[in-house]
Amino acid sequence: MSNTENPQETLPASETPVDPGVEAATAPAAEDHTDKLPSIEEQFRELELQAAEHHDAWLRAKAEGENIRRRAQEDISKAHKFAVERFAGELLAVKDSLEAALAVPEQTVESFKSGVELTLKQLVAAFEKNALNEVSPAGEKFDPHKHQAIGMVDSEQEPNTVVTVLQKGYTIADRVLRPALVMVAKGK
């Protein structure tokens, strides 16, 4: 091959012809690239601003969390304080009935008994509305979670069966408020 066919093949690398337009385009680009990079001080200021923003957001979130916690504690306190309010409202009618019965100047046994029965119905209705349920376990198997055994008696029933209920128990929303006092059958 001769030098005239492909001049670039024979020229050394340092003598390779360069297009002047390409050289002019690449030189300013390199200078522009270094001019566009922010200085370390500018980067540091920008990072400080971001850190301050994050710190401020964290402080606000922390304060909001504390406010939520405080409000929840206040709500719990109010719930404890006023939880009995609905039930107390129901009991006011029972108290009014008892006071009215005592205010009657001439009472007969029958009128007194019917007044007490009506008052008891009001009380039972108030209990039912507030999930206060009676536990009367006569004939049931003894359950130490719901019953309190006072003693054991001889009986024809199976051992550990409730024979007599001395005092009814009560649950409120499936939680024992007062266990039933019972007598339990002895084993044979």
Mind counting the residues in region 137-156 that are part of a loop (DSSP other than H, G, I, E, B) and either loosely packed, with under 15 Cβ neighbours inside 10 Å or at pLDDT 95 or above (or both)? 6
Take Glu106 and decide whether it is outside the structural domain of Arg175 (by TED's automatic domain parsing), out of contact with any Gly (no Cβ under 9 Å at 6 or more places or on another chain), loosely packed, with under 13 Cβ neighbours inside 10 Å and on the phi < 0 side of the Ramachandran plot. yes
Please go through region 105-124 and give me each residue that is more than 21 Å from Lys168 (Cβ to Cβ) and of a type in the set (Val, Ile, Thr), ordered by number. Thr108, Val109
Among the candidates Ala126, Ala93, Ala100, residue that is assigned to a helix (DSSP H, G or I), surrounded by fewer than 13 Cβ atoms within 10 Å (Cβ to Cβ) and not assigned by TED's automatic domain parsing to the domain that holds Arg178: Ala100
Can you name the condition, by its number, that Leu102 falls short on among (1) in contact with a strand residue (DSSP E or B) (Cβ under 8 Å, 6 or more places away or on another chain); (2) more than 15 Å from Gly169 (Cβ to Cβ)? (1)
Restrict the check to region 125-134 and report whether at least one residue is over 16 Å from Thr171 (Cβ atoms) and at pLDDT 90 or above. yes
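The values are calculated or read from the model by the stated rules, or taken from the named source; none is laboratory data. Worth saying up front: this structure is predicted, and the values here are computed from it rather than measured. Don't worry about glycine lacking a Cβ; one is built from the backbone with ideal geometry, like all the others, and counts go over all protein chains shown.
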